[in-house]
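A short worksheet on the structure shown next.
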Amino acid sequence: MNASPSNDDLGLPINDLTSNSDTGPVIDYSSLAQYGLTDEVESRFKTIHEKDAELVPGRVARVDGISTFVHAGTADYRAVSTFARIVHDEEFEIEPAQPSVGDWVLIRSGKDQDPDEIELVLPRTSLLVRKRVMRGKDEGAEQVLAANISTAFIVQAATYFNSNRLEREIALVWGSGAVPVVILSKSDLLEDVDPADVIERAKLSAPEVEIFAVSAITGDGVEPLRRFTTAGTTAVMIGASGVGKSTLVNHLMGRKVMDTGEIRESDTRGRHTTVTRQLLPLPGGGVLIDTPGIRTIGLVGGSEEALAKTFPEIEQFLGQCKFRDCGHGGEPRCAITEAIKDGRLLASRFESYLRMGEELVYEETKHHPTVKTDHQRRMRVIAKANRQRSKLSKRPGSS
Ligand SMILES: Nc1nc2c(ncn2[C@@H]2O[C@H](COP(=O)(O)OP(=O)(O)OP(=O)(O)O)[C@@H](O)[C@H]2O)c(=O)[nH]1
Ligand SMILES: [Mg+2]
Ligand SMILES: [Zn+2]
């Protein structure tokens, strides 16, 4: 066998797997516990291993341009993933997959000079994906940020809090199947502002989402976050570059594992100190994934549910208007307009809802223009509202 353990920089001992030529490698599942192994994942691994004893289970810890680094219990692998497939059930119904950080995978050791290869990927319990909105050949391509995460920590600097961005980040996370938790970082830099006031402001853009103000420098407010990083859970940090994700990761790890960047006053765009996504086992159990800063939050074709969860206060008014096909653009007895007028609903929130709804419809239908979903039917109403709005604003004399 040709287990080619990577010289990974995670400080883990790299041993060859104990091997027996008849039964294949002996799998020590307990050593996968530190990487977030759950009973469900273990039993899936065992089922597959019974059918093919040569396959080695593990979890993807890091992906670079060429290799995929996998923690496989007693050894670490640097593997390729040319023919990786997702296993959908015990009958091995499979589809092509690109393994990503957090994926549970099965590796086949390369014979002779062949590289070790990720052959199977377990079905994901959650998948955080964004659309790249940068110019160039990757424009519009979908980028998987992390797989099998329970919590996504959405980090924004308390001093530079941006509500539109926060709404998009929350929608992205709800669409992934993970639960969002908002972290307002660098609370030590708030001079005359009470962190509780910033939390109140953020709440308007994140109803029903837990929000914490923390300082990774002083440690203020960090300990309560450990509730989301217990054994068997996986949390990911997402946010713009320079908001302090890696500094917080280091604090939670109890030692410096990730490089952190200097703030450059002259360049508010940040420096992108972290360049790869990295899975780290926390000392108290649980797994944390650090990611490079993302500038734009491009939503992928998402579920109606993600939008509803991002704007929970709006759902109660939908279907309450006098006209069933109300476009909420000034029709009589419109529940939305009335709610905005008497302060039960923020106009800015409804505008965000319409904008993001349109974007999701576009993403969902661009590949299948003829498919009509319930989501789209509702979104057509929203699109109509937007058209009416823009007609109103173009009318001479209107503002
Ligand atoms: N005052 C203060 N500075 C902080 C805090 N957290 C991080 N910083 C500083 O902010 C800068 C950026 O921190 P990083 O942790 O590298 O930010 P990041 O989000 O990981 O950035 P990328 O890796 O580029 O995405 C560093 O100079 C940190 O020292 C904090 O709580 N308080
Ligand atoms: Mg970083
Ligand atoms: Zn209406």
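Here are a few things to note about the model shown:
- Charging the Cβ of each Asp and Glu at -1 and of each Lys and Arg at +1, and nothing else, the dipole of the range 127-290 about its Cα centre rounds to 720 debye.
- Restricting the GluC sites (Glu not before Pro) of the range 171-250 to loop positions (DSSP other than H, G, I, E, B) with no more than 12 neighbouring Cβ atoms within 10 Å leaves Glu191, Glu208.
- Student exercise, the range 19-121 dipole from Lys, Arg, Asp, Glu Cβ charges, in Debye to nearest 20: 360
- Placing dummy labels 7 Å off each Cα toward the beta-carbon, the span from Lys341 to Asp197 is 3.3 nm.
- With all pairs of different C-alpha atoms in the average, the Kirkwood value for the hydrodynamic radius of the range 154-240 is 13.3 Å.
- Centre separation in Å (Cα based) which lies between the range 60-99 and the range 177-219: 36
- In order along the range 61-71, the Karplus-derived 3J(HN,Hα) couplings, from 6.51 cos²θ - 1.76 cosθ + 1.60 at θ = phi - 60°, round to 9, 6, 10, 10, x, 10, 10, 10, 8, 10, 7 Hz, and Gly and Pro are given as x.
- Which of Lys341, Lys46, Lys256 is most accessible, then next, and so on - probe 1.4 Å: Lys341, Lys256, Lys46
- Evaluated with a Cβ-only charge set (Lys, Arg +1; Asp, Glu -1), the range 148-197 carries a dipole of roughly 360 debye about its Cα centre, given to the nearest 20.
- Stretch gain in nm, segment Lys322-Glu50, where the contour uses 0.36 nm per residue and the Cα spacing is subtracted: 91.8 nm
- Amide hydrogen neighbours beyond the local backbone of Ile183, cut-off 5 Å, H modeled: Ile154, Val155, Gln156, Phe212
- Listed cross-link partners Lys131/Lys341; Lys111/Lys131; Lys131/Lys245 are compared with a 29 Å cut-off, the Cα-Cα value being larger for Lys131/Lys341; Lys111/Lys131.
- In range of the label at Glu142: residues from the range 157-181 whose backbone nitrogen is under 17 Å from the point 7 Å along Cα→Cβ: 171-178
The values are calculated or read from the model by the stated rules, or taken from the named source; none is laboratory data. Everything numeric in this text was worked out from a predicted model, so none of it was measured. Virtual Cβ from ideal backbone geometry, glycine too; neighbours counted across all protein chains shown. These area figures cover heavy atoms from the full protein model, side chains too; ligands, DNA and RNA do not enter into them. Shrake-Rupley method; radii C 1.70, N 1.55, O 1.52, S 1.80 Å.
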